Amino acid sequence: MLDDPLVQDLLKEIINDPTEEDSDNIEIVRCLNDGITTDEEIAEKTGIRLNIVRKMLYRLYDAGLASYKRHKDPETQWFSYDWQFEPEEVNNTLRKHIHEEIEEYEKMLDDEKNNMFFTCPQGHNRFDFEDASNNDFVCPECGEEIVFEPNDEFIESLEKEIASLKEKYDSIGN
């Protein structure tokens, strides 16, 4: 499962920290998946600092992709946490993300199909018919006359993207 590019992209989105240089936090998930359950063991195995491991585990928890059980050491009275990766939630989360993306693209497609668009020859703005007519078909930034923009190719690319996303959605968990 962790070798699936969709799963890797999702996990990277959740756990990779842009402030950390060259961090490969996917190794934290690999450890969890391999049965290593405590943050200390994961830090030792991966060489990733303990505070980073804990931060990533809580990110996974917040995303619903990990759970934990808390235990109290009777001698030291310290709490320890056993973490578990939740692979079935990965598919649910992927489906949710892709479904939201499909909805967003379908709204864009509907807008493109139901409107005429005009653009500034200088590339400043793109207007639907209503906004273009409100601006007297003149770009408010440069004063040039805006021109009709055929959007057939853009509509076609949106339709292809939606079809591709639907294929991804249908392939999740198979």
query: For the range 138-174, which residues satisfy the criterion of being of a type outside the set (D, E), assigned to a loop (DSSP other than H, G, I, E, B) and closer than 23 Å to H124 by Cβ?
result: C139, P140, C142, G143, I146, P150, N151
message: Exactly one of these conditions fails for W83: (1) within 30 Å of I28 (Cα to Cα); (2) open to solvent by less than 70 Å² (accessible area, probe 1.4 Å); (3) within 23 Å of the chain's Cα centre (by Cα). Give me its number.
response: (3)
query: Does the range 150-174 hold any residues that are closer than 18 Å to N114 by Cα and open to solvent by less than 50 Å² (accessible area, probe 1.4 Å), and which are they?
result: N151, I155, L158, I162
message: Could you tell me how many of the residues in the range 8-25 are closer than 17 Å to T93 by Cβ, open to solvent by less than 20 Å² (accessible area, probe 1.4 Å) and modelled with pLDDT under 85?
response: 2
- prompt: If you go through the range 123-137 one residue at a time, how many are outside any loop (DSSP other than H, G, I, E, B), open to solvent by 40 Å² or more (accessible area, probe 1.4 Å) and in contact with a helix residue (DSSP H, G or I) (Cβ under 9 Å, 6 or more places away or on another chain)?
  reply: 1
message: Please go through the range 138-149 and give me each residue that is open to solvent by 80 Å² or more (accessible area, probe 1.4 Å), charged (D, E, K, R) and touching a Phe, Trp or Tyr at 6+ places or on another chain (Cβ under 8 Å), ordered by number.
response: E145
Segments classed as strands (runs of 3 or more DSSP E), wholly inside the range 16-122, with at least 2 members that are touching a His at 6+ places or on another chain (Cβ under 9 Å): 79-85
- prompt: Picking from E88, E75, which residue would you name as being more than 21 Å from the chain's Cα centre (by Cα), closer than 30 Å to I36 by Cβ, modelled with pLDDT under 95 and open to solvent by 90 Å² or more (accessible area, probe 1.4 Å)?
  reply: E75
- request: Could you please let me know if I42 is more than 30 Å from E161 (Cα to Cα), modelled with pLDDT of 90 or more, open to solvent by less than 80 Å² (accessible area, probe 1.4 Å) and out of contact with any Ser or Thr (no Cβ under 6 Å at 6 or more places or on another chain)?
  value: yes
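The values are calculated or read from the model by the stated rules, or taken from the named source; none is laboratory data. The shown structure was predicted, so the numbers you read here are calculated from the model rather than taken from an experiment. Here the Cβ is made from the backbone with ideal geometry for all residues, glycine too, and neighbour counts use every protein chain on show. Accessible surface areas use protein heavy atoms only, side chains included; no ligands, DNA or RNA. Shrake-Rupley method; radii C 1.70, N 1.55, O 1.52, S 1.80 Å.
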